[in-house]
Amino acid sequence: MQITYSRVIHLSHVIDEYIPQWPGDPPVKFTTMAEIPDDGYYLRGFALGEHSATHINAPNSFFTDGVGIDKYPAESLVVSAIVIDISQVAADNSDYTLTIADILAWEEAYGEIASGSIVLLYTGWQHKWGDKQAFFNQDAGGVMHFPGFSSYATEFLLNQRQIAGVGIDTHGVDSGQDTSFATNRLVLAKSGIVLENLTNLDQLPPKGTTLAIAVLRLRGGSGSPLGVLAFVP
């Protein structure tokens, strides 16, 4: 694959102790281990969950016989990306999920999605990152309300377009109400790519971008915080 680009964009959020965290996930912690005045250099230790911040999910996060994140081949982590924008409809309906009709409308404008692409869903949720309450949008019963992929759209993309994976700017490729994690399961059953908590998706064109996905090769990891770079033509 040759990458021709005019600019490079971070698709990963900055990590600090205040990022939105999925209920039950371990807190983000930084511990100063060395200071320049005393030690001649500055060093911190850090701890965070495998599915914290901008991250990738691995098959073993849902399947006991699934591989860990350390088993993803390097070539699978450099991938062409297309972006479907549902931000306007999601602004009016926080429970909106991508439909097959949305995909076909995108293809009418930009051409059929190429095999091996990753489909990124821009919902506008990246702009809520600094407000945990708005980002998770939980109701009085604790149910989250944020947009995602429908299982029908995911099955279409996997089976009819042979995509490499999916990504989104919310905390889950599945909508907040989908406690079955259908899209995660469908994609990870094929050892595909699942990216969550992306940002700057509004800076990408609908097609033509290449992603470089830098995982932490945690042995047996159920996922990994990420550095994701977008090479924009």
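The values are calculated or read from the model by the stated rules, or taken from the named source; none is laboratory data. Keep in mind the model is a prediction, meaning the values are calculated, not measured. Neighbour counts are summed over all protein chains in view; Cβ atoms, including those assigned to glycine, are modelled from backbone coordinates with ideal geometry.
Screening Thr4 against (1) β-branched (Val, Ile, Thr); (2) surrounded by 11 or more Cβ atoms within 10 Å (Cβ to Cβ); (3) under 21 Å from Val228 (Cβ atoms) leaves a single unmet condition, (2).
Evaluating Ser115 against the criteria (1) touching a residue at least 40 places away in the same chain (Cβ under 8 Å); (2) surrounded by 14 or more Cβ atoms within 10 Å (Cβ to Cβ); (3) out of contact with any His (no Cβ under 8 Å at 6 or more places or on another chain) leaves one unmet condition, (2). If the condition is being surrounded by fewer than 19 Cβ atoms within 10 Å (Cβ to Cβ) and closer than 20 Å to Thr97 by Cα, then segment 201-215 contributes Asp202, Pro206. With the condition kept exactly as written, say whether any residue in segment 219-233 is modelled with pLDDT under 95 and part of a loop (DSSP other than H, G, I, E, B). For segment 219-233, residues modelled with pLDDT under 95 and part of a loop (DSSP other than H, G, I, E, B): present. Filter segment 9-30 down to the residues that are among the aliphatic types (A, V, I, L, M), surrounded by 12 or more Cβ atoms within 10 Å (Cβ to Cβ) and under 28 Å from Thr210 (Cα atoms) and list them by number. Ile9, Leu11, Ile15, Ile19, listed by residue number. Contact map, segment 44-66: first residue on the phi > 0 side of the Ramachandran plot, second residue in a strand (DSSP E or B), Cβ cut-off under 9 Å, separation 6 or more or different chains; pairs are Ala53/Ser12; Ala53/Pro225; Ala53/Leu226.
The residues in segment 201-218 that are part of a loop (DSSP other than H, G, I, E, B) and either β-branched (Val, Ile, Thr) or within 21 Å of Ile163 (Cβ to Cβ) (or both) can be counted, and the count is 5. What do you reckon, is Pro26 free of Cβ contacts under 8 Å to residues at least 12 places away in the same chain and over 22 Å from Gly124 (Cβ atoms)? The answer is no for Pro26.
Let's see how each residue does on (1) within 19 Å of Val78 (Cα to Cα); (2) touching a Lys or Arg at 6+ places or on another chain (Cβ under 6 Å); (3) among the aromatic types (Phe, Trp, Tyr):
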| site | (1), (2), (3) |
| --- | --- |
| Ser12 | yes, no, no |
| Ile19 | no, no, no |
| Gly24 | no, no, no |
| Phe30 | no, yes, yes |
| Asp39 | no, no, no |
| Ala47 | no, yes, no |
| Asn57 | yes, no, no |
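Among the residues of segment 31-65, those identified as hydroxyl-bearing (Ser, Thr, Tyr), over 18 Å from Val14 (Cα atoms) and surrounded by 11 or more Cβ atoms within 10 Å (Cβ to Cβ) are Tyr42, Ser61. Scanning segment 139-176 for residues that are within 16 Å of Ile118 (Cα to Cα) and of a type in the set (Asp, Glu) gives Glu155, Asp169, Asp174.
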